[in-house]
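Below is one structure, written out as structure tokens; comments come after it.
The values are calculated or read from the model by the stated rules, or taken from the named source; none is laboratory data. No experiment lies behind these values; they were computed from the predicted model shown. We place every Cβ from the backbone using ideal geometry, glycine too, and count neighbours over all the protein chains shown.
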Amino acid sequence: MQVRFPYSPPPQKQPTAAAETTLERIRARITPFAVATGLTVIAFAGLLNQAQAEAATATASPSILVTGQGTASLVPDIAALNLRVVTPGDSAPEALDANSEQLSKIIASLTKIGLEERDLQTSGFSINPRYADRRETPDAPLKIIGYEVRNGLTVKVRDLAKLSSVLDQVVKAGANEMGGISFEVSNPEAPLNDARKAAVKDARAKAELYAEAAGAQLGKILLITEQSAGGGPAPMYKAEMAMMRADVPIQAGEETLSASVTIRFELIQPK
């Protein structure tokens, strides 16, 4: 004997009108295709899941995405000099010896006035042949008539009151090319944080303006993303050392640090 028990399926949550419309549209689109190609039940279920996901996206809470900018100004407290010593010679060893002697004098003079070794860094060393002038005889073969040695030195001056003295010392000691002077900040984190706070306030002010214009209110923050922040050194000038005087007044000016954030706010529609 076979006994049948009554069975009542559990109540299911009815989809919203938007979700029902989306599901019916997907069913109408895939049912003929399933019949014609023998689409499996599993694939059919996957397409229905996709339809449900589309319906959920359509009924998601509205939001607004805005970008805010913030800046902070501060006075640089470090100067970086990029100088070079260029020496010619009839031979490579001769040019190298002359270059090393001049560069050693520069380093000794800078340490004498109080600069630390950690603030002196050599860079850009090269030895290149010098060729005879062929402007009058362009068809003549290349002829090496000597060599030239270039050696760079980066000097960080942490006390800007010493900057004029440093320039005077490097000129007198034999530096004959200046790559440039740049200024930087030793501790930019505190003012950079101020710029970040200003960027967040700017983003919120924009979002409130747009929300008010749209007849809505701001809800909770859904996302915060920071773009690249900073300011970097500010290059001042480039000049040949032979054409400049050590007593030329140099102003560090101000450096501006910037921050940019993108924030997504929830939008609440009034009831």
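Things to note:
- Conditions (1) at pLDDT below 90; (2) under 26 Å from the mean Cα position of the chain (by Cα): number failed by T67: (1)
- Within the option set K112, K105, being among the charged types (D, E, K, R), outside the structural domain of A199 (by TED's automatic domain parsing) and either surrounded by 17 or more Cβ atoms within 10 Å (Cβ to Cβ) or in contact with a Gly (Cβ under 6 Å, 6 or more places away or on another chain) (or both) holds for one residue only, K105.
- Search result, residues across segment 160-178 that are surrounded by fewer than 19 Cβ atoms within 10 Å (Cβ to Cβ) and either at pLDDT 90 or above or part of a strand (DSSP E or B) (or both): E177
- Taking segment 179-190 as the range and being crowded, with 18+ Cβ neighbours inside 10 Å and touching an Asp or Glu at 6+ places or on another chain (Cβ under 9 Å) as the test, the residues that pass are F183, V185, P188.
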